Structures are given as structure tokens and as C-alpha cells.
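Quick notes on the structure that follows.
The values are calculated or read from the model by the stated rules, or taken from the named source; none is laboratory data. Quick caveat, the model's predicted, so the values are computed rather than measured. With ideal geometry, Cβ positions are generated from the backbone for all residues, glycine too; neighbour counts draw on all protein chains shown. The accessibility values were calculated without ligands, DNA or RNA, using every heavy atom of the protein model including side chains. Shrake-Rupley method; radii C 1.70, N 1.55, O 1.52, S 1.80 Å.
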Amino acid sequence: MRRRALPHPVLVTPRLRLRRLVQADAVALHPTLADADLMTYSADGPLTSIEATRLYLIEDAADVNWRAWAITRHGDDRAIGWVSGGRMRGQGVTEIGFILARAHWGRGLASEAVSAVLDQLFAEGQHRVFADADSENRASILLLERLGFRRERLLRGEWETHMGLRDSLIYGLHADDWLAAALPQSA
């Protein structure tokens with residue numbers, strides 16, 4: 001029996017519209033996925049062609065346990081990155097990942113996009129979201145910490161990548177902590 005795909009609603013924030021990531025996004029996303037510096041900490045490293053990018057997106061879409069939201073700006077449906085989430089480690093637990101084109105760094109767009117997906121995941125009843133970051137990926141680690149994720153574990157030599165075995169840091173966020181941070185603080 002094949003599992004049904006998870007719901008994939010469009011998410012809207014003040015500056016962004018997050019919609020299902022589709023194969024046609026390969027053209028817009030290829031420059032990002034081909035950027036050797038930006039892809040340093042990905043498992044596969046930079047992708048060498050639009051066709052490789054298209055195949056990468058097809059593989060992601062085939063997994064019914066994963067959803068990927070393309071990050072787009074209001075009024076421009078061109079993907080500038082994505083946020084993905086997959087239920088992999090038990091009921092109520094989701095792994096999250098993200099990427100944003102270098103031209104859009106430093107404006108809070110990644111935080112805005114990841115926050116929208118976190119809101120969605122916790123509204124759906126997930127009780128924990130975690131991220132697996134390369135121990136040297138400072139930008140991703142800082143983003144996770146700004147969003148309230150806590151470092152839970154260092155896994156040494158855990159991840160086989162294009163650079164060889166790498167250490168992973170596991171960061172976790174519980175629904176109660178996310179919801180508490182969103183509530184207005186009383187004086």
C-alpha cells in the first residue's frame with residue numbers, strides 16, 4: 001500500500017509566497033545549486049547541469065514523506081530557494097532543510113521562509129522539528145539558533161559527502177518552545 005502524499009498548502013508571508021517546488025524550477029535554481037561555495041556543505045556538492053538539477057528535484061518530489069516549498073517573492077513566481085521537510089524519525093517529528101540563492105542573503109528571507117514552514121508543521125501537529133547541519137556550516141547554524149533551535153548532538157564522521165566523511169550537528173525545536181516564543185511577552 002502506497003502512502004498518500006502530505007498536504008502541500010501555499011504559505012504566504014509579508015514578503016514571500018511559498019509554493020510546491022516543481023521540476024520547472026530547475027532553470028531558476030540551477031545557478032544556486034551549481035555555486036561551489038554555496039554547495040560546499042551539501043552531500044552531493046555543486047550540480048553540473050540544469051538536467052542534473054531537474055533530476056535532483058524529481059527525486060525530491062517522488063518521496064511522499066517529503067515536501068519542498070519553493071521560496072518566491074510576491075509578484076515573481078521564480079524560485080529563489082526552498083524549504084523542505086520530511087517525516088523521517090517517528091510520528092510527530094520532521095526534519096527540515098533550506099537553501100537560498102546568494103543574491104538574497106542578508107535580508108531575513110531565509111528566516112521568514114523557514115518560520116512559515118515551521119508554523120505550518122506545528123499547526124499540523126508535529127511536536128518536534130530537527131535539522132542536520134554540517135559542523136562547519138556557520139550560516140545555517142546561525143539561522144537555526146536565531147529561530148530557537150537548540151544544539152542537541154554532535155555526530156562525528158556521520159555524513160558521507162563529496163568532501164568525504166563530515167561531522168553533523170543535530171539541532172532541535174519543540175512545538176511548545178516555538179509557540180511560546182511567538183506569544184507576546186507580558187510586562
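The figures follow:
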quantity: Sites excluded, trypsin sites (Lys or Arg not before Pro) in DSSP loops with at most 15 other C-beta within 10 Å, longest stretch of the chain; calculated: 108-187
quantity: Tensor-based shape of the stretch 92-172 (alpha-carbon gyration tensor, a/c under 1.5 rounded, otherwise prolate or oblate); calculated: oblate
quantity: Signed unit charges on C-beta, dipole axis of the chain, positive-most listed residue Ile96, Ala52, His30; calculated: Ile96
quantity: Sum of -39500 (n - 2.57) over DSSP H runs of 4+, divided by residues of the chain (222 nm, nearest 500); calculated: -8500 deg cm²/dmol
quantity: Net dipole in debye of the chain [+1 Lys, Arg Cβ; -1 Asp, Glu Cβ; about Cα centre; nearest 20]; calculated: 480
quantity: DSSP-defined antiparallel bridges as percent of all bridges, the chain, nearest 5; calculated: 90
quantity: Per-pair calculated FRET efficiency, R0 = 30 Å: Ala36 and His8 via Cβ, rounded to 0.05; calculated: 0.45
quantity: Added length on full extension, which subtracts the Cα-Cα distance from 0.36 nm per residue, Asp176 to Ile58; calculated: 39.1 nm
quantity: Whole-number accessible area per residue in Å² for the chain, which is evaluated in the context of all protein chains at 1.4 Å; calculated: 55
quantity: Accessible area in the full protein assembly, largest first, 1.4 Å probe, for Ile58, Ile170; calculated: Ile58, Ile170
